[in-house]
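Just so you know, all these numbers are worked out from the coordinates, no wet-lab data involved. All values reported here derive from a predicted model rather than from experimental measurement. Using ideal geometry, Cβ is built from the backbone for each residue, glycine included, and neighbour counts are taken over all protein chains shown.
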Amino acid sequence: MLLLLGVIGVYAFQKQETGRWGFFGFVMALIGAGLLIGHDVVSAVAFLYPVAAFLFAVGISVLAIRSWAANTLPRWASALLITSTVIGILGFVVEGFDILFLISGVIFGIGFIGAGLTVWLQPVR
């Protein structure tokens with residue numbers, strides 16, 4: 001649930017600067033986060049989690065790419081969010097590289113904390 005709220009906050013912070021592609025990434029991440037919550041609440045079919053996680057990861061990466069271009073978040077935070085998606089997909093798809101999926105989660109967490117701190121520490125406009 002907090003992931004969903006965090007995505008809303010990060011997008012709201014930069015919605016004008018990230019444009020239509022930022023909105024597209026936000027919607028994908030929002031749908032993915034909603035599906036992840038739904039999967040946890042109702043114990044949905046097993047294939048829903050990978051689909052939801054993929055939608056969320058790609059959506060947050062699109063938003064991070066637009067953030068990078070608009071220079072609204074620190075570049076290191078955007079880079080970590082994008083890198084976590086690439087590493088996570090490799091860890092999920094390539095057999096024997098399960099550890100990459102775990103590393104991806106840690107990298108995502110650090111990047112998302114960076115984005116959240118940026119939003120939190122900005123003066124009120």
query: Any idea which residue in segment 57-107 is farthest from Leu36 (Cα to Cα), counting only those that are among the polar types (S, T, N, Q) and assigned to a helix (DSSP H, G or I)?
result: Ser67
- line: Of the residues in segment 32-85, those that are of a type in the set (Val, Ile, Thr) and farther than 21 Å from Ile107 by Cβ number 5
query: Which condition number in (1) more than 9 Å from the chain's Cα centre (by Cα); (2) surrounded by fewer than 17 Cβ atoms within 10 Å (Cβ to Cβ); (3) within 22 Å of Ala12 (Cα to Cα) is the one that Arg66 fails?
result: (2)
message: Take Phe54 and tell me if it is among the hydrophobic types (A, V, I, L, M, F, W, C), surrounded by fewer than 20 Cβ atoms within 10 Å (Cβ to Cβ) and either outside any helix (DSSP H, G or I) or under 11 Å from the mean Cα position of the chain (by Cα) (or both).
response: yes
field: All positions within segment 87-125 that are within 17 Å of Tyr11 (Cβ to Cβ), among the hydrophobic types (A, V, I, L, M, F, W, C) and surrounded by fewer than 18 Cβ atoms within 10 Å (Cβ to Cβ)
entry: Ile113, Leu117, Val119, Trp120
field: Those residues of segment 28-51 which are among the hydrophobic types (A, V, I, L, M, F, W, C) and either over 13 Å from the mean Cα position of the chain (by Cα) or surrounded by fewer than 16 Cβ atoms within 10 Å (Cβ to Cβ) (or both), in sequence order
entry: Ile31, Leu35, Ile37, Val41, Val42, Ala44, Val45, Ala46, Phe47, Leu48, Val51
